[in-house]
Amino acid sequence: MKILVINGPNLNLLGRREPGIYGGTTLEGIEKELALLAQGLQVSLSFFQSNHEGEILDRIHAAAADGTAGIIINPGAFTHTSIALRDAVTGVAIPTAEVHLSNIHARESFRAHSYLAPVAVGQVCGFGPQSYLMALSGLVALLKKGTMTS
Ligand code: DQA
């Protein structure tokens, strides 16, 4: 089973970006933890990070052709702005879990709205790097059972 992990804008800066909010773990560190968990779950992961909305859309479109069974995405600020991202996810119809390090509901009001959440399988936020691990185990469990709630 192939799972694609996408990180959006500014997440390449993790580790030195606003550590009081996002913690000290780098994106590479998060990807290493995910890779370990994926081994245990016996799924294969690929990783993609971009600061460019169109590149993220192109990668989601490519996932429809490369056998990707599920997507985990932290869209960064595109969460709150991008109808195009939501349309890409519905367009490829690949079950997608939304992830955030911070609790977007407990911050500025503009972060509480996600264009993606209504079309995502679920949203995990507020647990730091652990949010990604929870999303991976939850998404894989649902895919293995073959029952998606959306
Ligand atoms: C974020 C939350 C977003 O509001 C913000 O723009 C980010 C990171 C998070 O992981 O907590 O870039 O997605």
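Rule-based calculations on the coordinates, nothing more; no lab input. As the structure is a computational prediction, the values presented were derived from the model and not from experiment. Cβ sites come from the backbone with ideal geometry, for glycine too, and all protein chains shown count toward neighbours.
Where in segment 18-115 are there helices (runs of 4 or more DSSP H), lying fully within it, with 3 or more residues that are touching a helix residue (DSSP H, G or I) at 6+ places or on another chain (Cβ under 7 Å) and surrounded by fewer than 19 Cβ atoms within 10 Å (Cβ to Cβ)?
Details: elements: 19-22, 27-41, 53-63, 83-92.
So the answer is 27-41, 83-92.
How many residues are of a type outside the set (Lys, Arg) and free of Cβ contacts under 8 Å to residues at least 24 places away in the same chain if we restrict to segment 15-41?
If we filter segment 15-41 for residues that are of a type outside the set (Lys, Arg), which is where we start, we get 15, 18-31, 33-41.
Within this subset, residues satisfying the condition of being free of Cβ contacts under 8 Å to residues at least 24 places away in the same chain are 15, 18-20, 24, 26-28, 35-36, 39-40.
Residues flagged as of a type outside the set (Lys, Arg) and free of Cβ contacts under 8 Å to residues at least 24 places away in the same chain within segment 15-41 amount to 12.
What are the residues in segment 69-97 that are within 14 Å of the ligand (Cβ to nearest atom) and β-branched (Val, Ile, Thr), if any?
Step one: of segment 69-97, the residues within 14 Å of the ligand (Cβ to nearest atom) are 72-82, 85, 97.
Listed by number, the residues that qualify are 72, 73, 79, 81.
Mind counting the residues in segment 1-17 that are away from the ligand (no atom under 12 Å from the Cβ) and either exposed (fewer than 14 other Cβ atoms within 10 Å of the Cβ) or part of a strand (DSSP E or B) (or both)? Can you show your working first?
Here is the first cut: in segment 1-17, the ones away from the ligand (no atom under 12 Å from the Cβ) are 1-5, 15-16.
If we keep only those that are either exposed (fewer than 14 other Cβ atoms within 10 Å of the Cβ) or part of a strand (DSSP E or B) (or both) as well, we get 2-5, 16.
The total comes to 5.
Within segment 119-142, take every residue that is part of a strand (DSSP E or B) and within 13 Å of the ligand (Cβ to nearest atom) and give me the one that is surrounded by the fewest Cβ atoms within 10 Å (Cβ to Cβ). If you could, list the steps in order and put the result at the bottom.
Going through segment 119-142, the residues part of a strand (DSSP E or B) turn out to be 122-125.
With the extra rule that they be within 13 Å of the ligand (Cβ to nearest atom), the set shrinks to 123-125.
Numbers: 123: 19, 124: 22, 125: 23.
Looking at the filtered set, the residue picked out is 123.
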